[in-house]
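For reference, the structure is listed below as structure tokens.
Laboratory data are not the source of any read-out in this text; all were calculated from the coordinates shown. Keep in mind that what you see is a predicted model, and the values were worked out from it rather than measured. Glycine gets a Cβ as well: all are built from the backbone with ideal geometry, and neighbour counts include every protein chain shown.
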Amino acid sequence: MSEPTKSGGELFIVDNGDESWKGLKYLQDWTEIASSFDIATGFFEIGSLLALDGRWQKLDGIRILLGDQATARTRQALLEGVRKHVCHKLNASLEAEKETNDMLVGTAAIVEAMRQGKIQCRVYAKRKFHAKAYITHPRLAVVGSVALVGSSNFTVPGLTENIELNIQIRAPGDVSQLQAWYEQHWQEAEDITPEVLKVIERHIKEYLPFDIYAKAMQEFHRGHEMTDDEWEKAGRQSGGSGMYPVLDKYQQDGYKSLMKIARQHRGAFLCDGVGLGKTFIGLMLIERLVIRDRQRVVLIVPKAAREPVWEKALRRYLPNISRVFTNLEIFNHTDLLRGGDYQQKLDDIATLADVVVIDEARSLALLAAVRPGQKQEPFPAHGDSD
């Protein structure tokens with residue numbers, strides 16, 4: 001003959017061993033007559049509140065007092081460690097919940113209750129804290145508060161799966177002492193509701209279609225950044241070089257040789273004959289350094305060639321290198337001989353410029369030699385000379 005089914009009032013032990021009386025059902029039944037819950041737990045998972053969805057909303061308030069088994073030398077270190085661990089565990093529980101509840105139905109209501117103060121979370125960090133207790137306060141004073149004290153954490157396993165040992169305390173004097181213990185530790189605990197909210201809100205945040213598309217594209221292209229060779233061959237429309245496809249093969253080879261030599265020796269000279277396209281190679285270098293490598297480049301040219309050769313070529317072949325917010329500055333050879341502000345500007349090149357590109361470097365060397373009293377600093381330069 002089977003035993004008669006027990007009612008909640010007859011329970012003394014709740015250990016999850018009885019299919020009809022688990023810790024979760026105990027709390028579910030109490031939501032029908034209680035005004036509030038005071039919960040002490042070592043761990044907190046979002047699934048425990050979601051398992052009470054549709055029922056916890058009947059309560060006026062829930063206080064969750066958290067701790068952990070972590071130890072630390074100082075109170076502040078313990079507090080930070082517990083906060084971090086609580087958030088980590090909560091985040092993991094949200095990820096696990098998505099396995100069966102991918103839209104996290106019911107979570108938005110929890111967030112709103114926390115914002116309104118209906119659900120509060122505090123963490124006790126003065127000492128190691130791993131207590132478990134559920135104090136239920138009825139709406140009718142004649143019923144009296146009851147407590148379930150034992151080993152069940154406020155988690156789905158703790159309330160439904162694990163073999164726990166929790167005993168029900170009903171004597172008013174005993175419950176009163178337990179409530180006083182809870183109030184003392186609650187007052188000494190630190191508010192962690194904002195941190196808990198931050199963790200949960202991240203999981204239920206609504207995204208615009210464009211945000212989802214952008215994230216999908218980011219993940220699709222993750223781990224593949226355009227290499228230098230790919231950038232050179234991609235073309236400007238695909239985010240690559242606009243100059244490289246314009247160059248002849250020997251000019252492309254010259255550009256690559258200049259880059260290789262400059263990396264090894266902090267400078268290189270291009271000494272091709274007249275009419276072989278040194279200016280085009282110079283434009284390729286400027287595009288690579290300014291656009292691809294994001295370096296600050298100084299271009300020093302003969303005054304007679306500045307507008308008809310270089311500035312005209314820059315406008316035609318490198319229109320994306322703007323004269324506003326640009327990393328390219330142009331000086332004339334003769335600026336080396338000017339005084340006033342130019343002296344300071346030229347002195348700043350050595351400290352501010354990443355690369356100096358020089359047209360007619362031989363002529364510039366002759367001009368630089370006549371600057372009296374000036375210390376000549378070596379530049380990491382790409383020289384262009386006949």
Other-chain or far-sequence residues with amide H under 5 Å of residue 269's (modelled H): 383
message: Taking 0.36 nm per residue of sequence separation and subtracting the Cα-Cα distance, how much length would be gained by fully extending the chain between residue 188 and residue 142, in nm to one decimal?
response: 13.5 nm
message: Sorting check: for 143-149, 264-270, which peptide has the highest mean count of neighbouring beta carbons within 10 Å, and how do the rest follow?
response: 143-149, 264-270
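Could you line up 243, 103, 284, 226 from fewest to most neighbouring Cβ atoms inside 10 Å? Walk me through the numbers before you get to the answer.
On the way: 243 24, 103 9, 284 27, 226 15.
Fewest to most other Cβ atoms nearby, the residues stand as 103, 226, 243, 284.
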task: Could you name the aspartates and glutamates whose alpha carbon sits less than 15 Å from that of residue 198, not counting residues in the same chain fewer than 8 places away?
output: 45, 95, 112, 206
field: For the stretch 288-296, Karplus couplings with θ = phi - 60° (6.51, -1.76, 1.60), whole Hz, Gly/Pro x
entry: 4, 6, 7, 7, 7, 8, 6, 9, 8
field: Qualifying chymotrypsin sites (Phe, Trp or Tyr not before Pro) for the stretch 97-174 [loop in DSSP, other Cβ within 10 Å: at most 16]
entry: none
message: Can you find, among 252, 270, 199, the residue sitting farthest towards the positive end of the charge dipole of the stretch 175-333, where Lys and Arg contribute +1 and Asp and Glu -1 at Cβ?
response: 270
query: Each residue of the stretch 277-285 in order: what ³J(HN,Hα) in whole Hz does its phi give by Karplus 6.51 cos²θ - 1.76 cosθ + 1.60, θ = phi - 60°, with x for Gly and Pro?
result: x, 5, 5, 5, 5, x, 5, 4, 4
Phi to ³J(HN,Hα) by Karplus 6.51 cos²θ - 1.76 cosθ + 1.60 over the stretch 141-152, Hz, x for Gly, Pro: 4, 5, 6, x, 6, 10, 10, 10, 10, x, 10, 7
message: List the pairs from 89/215; 233/256; 278/312; 89/132; 58/84 whose alpha-carbon separation is above 20 Å, in the order I gave them.
response: 89/215; 58/84
- line: Taking 231, 30 and counting other beta carbon atoms within 10 angstrom, the fewest-first order is 231, 30
field: Cα-projected label distance for residue 115 with residue 213, points at 7 Å along beta-carbon direction, nm
entry: 2.8 nm
- line: Stretched fully, the stretch from residue 101 through residue 320 gains (0.36 nm per residue minus C-alpha distance, one decimal, in nm) 73.9 nm
- request: Name the long-range amide H neighbours of residue 235: under 5 Å, sequence gap of 5 or more, or other chain; modelled H, no Pro or chain starts.
  value: 240, 241
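Of 35, 152, 48, 238, how do they rank once you tally other Cβ atoms within 10 Å and put the fewest first? Numbers along the way, then the final one.
Working: 35 14, 152 29, 48 26, 238 11.
Least to most surrounded, the residues fall as 238, 35, 48, 152.
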message: Only four residue types carry charge here, +1 at the Cβ of Lys and Arg and -1 at the Cβ of Asp and Glu. Report the dipole size of the stretch 79-192 about the Cα centre in Debye, rounded to the nearest 20.
response: 320 debye
- request: Taking H placed 1.01 Å from N in the peptide plane, check which residues at least 5 places from residue 299 or on another chain put their amide H under 5 Å from its amide H.
  value: 329, 330, 331, 357
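What share of Cα pairs, in percent, lie more than 24 angstrom apart in the stretch 8-206?
Values: 7388 of 19701 pairs.
Within the stretch 8-206, distances greater than 24 Å cover 38 percent of Cα pairs.
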query: Can you give me the Cα centroid spacing of the stretch 155-192 and the stretch 214-283 in angstrom?
result: 69 Å
- prompt: For residue 32, what is the net charge nearby, where nearby means another residue's Cβ is under 9 Å from its Cβ and Lys, Arg count +1, Asp, Glu -1?
  reply: +1
- request: Figure the gain on full extension for residue 276 and residue 201 (residue separation times 0.36 nm, minus the Cα-Cα span) and round it to one decimal in nm.
  value: 20.7 nm
message: I'd like the FRET efficiency for residue 20 and residue 227, computed as 1/(1 + (r/R0)^6) with the beta carbon distance as r and R0 of 45 Å, rounded to 0.05.
response: 0.10
